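The values are calculated or read from the model by the stated rules, or taken from the named source; none is laboratory data. The model shown is predicted, which means the values in this text are computed figures rather than measured ones. FYI the Cβ positions are ideal-geometry reconstructions off the backbone, even for glycines, and counts take in every protein chain you see.
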Amino acid sequence: MVTPFTSRQTKTNVGRMSQDSGAGAGDNQCNKTKILCERCSSVILLPNKATYVKKEIFLPHMKKKSESQAPEDGETLEDFWVVDDMFTFENVGFSNTVNGIKYLICADCEIGPVGFHDTSDLKAFYIAQSRVKLD
């Protein structure tokens, strides 16, 4: 059975990234452009505020829950933007804590999760690259 949150850390050091950088990452591995909500285009992060990391994480699907949806419905993602302070975000909401995890959503249209925060690590807030778009 898949748990709602699993992590097999493949993160490289923030200062030393592997050669395959994420989409939209500049030479310094920071986001070159604004990071926007995929649905409503609200600004989630301004340019040069987040760093690209590879970290294997299971997140629930971004769709409305149905009666047939099982708790383990979701996908494993690898490419994330990370910030070390929740006040860096322009427009993000946080869910209630579930098993030590707070899920991040767009504060305007409430779609999500677009990312997560593991409450045991106070300095890491992750946004999944595949769940947002770049300006």
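Assorted remarks:
- Counted residues, the stretch 66-93 - those being in a loop (DSSP other than H, G, I, E, B) and either modelled with pLDDT of 95 or more or not aliphatic (A, V, I, L, M) (or both): 12
So that you can scan it fast, the table gives a plain yes or no per residue for (1) over 19 Å from residue 38 (Cβ atoms); (2) crowded, with 16+ Cβ neighbours inside 10 Å; (3) in contact with a helix residue (DSSP H, G or I) (Cβ under 9 Å, 6 or more places away or on another chain):
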| residue | (1), (2), (3) |
| --- | --- |
| 76 | no, no, no |
| 81 | no, yes, yes |
| 96 | yes, no, no |
| 99 | yes, no, no |
| 105 | no, yes, no |
| 110 | no, no, no |
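- Residue 2 modelled with pLDDT under 95, assigned to a loop (DSSP other than H, G, I, E, B) and touching a Ser or Thr at 6+ places or on another chain (Cβ under 7 Å): no
- Scanning the stretch 109-126 for residues that are outside any strand (DSSP E or B) and more than 13 Å from residue 99 (Cβ to Cβ) gives 109, 110, 111, 112, 113, 114, 121, 122, 123, 124.
- Residue check for residue 51: exposed (fewer than 15 other Cβ atoms within 10 Å of the Cβ) and either under 15 Å from the mean Cα position of the chain (by Cα) or at pLDDT 60 or above (or both): no
- Single residue of the stretch 12-48 satisfying the filter (hydrophobic (A, V, I, L, M, F, W, C) and either assigned to a loop (DSSP other than H, G, I, E, B) or modelled with pLDDT under 85 (or both)) that is nearest to residue 78 (Cα to Cα): 23
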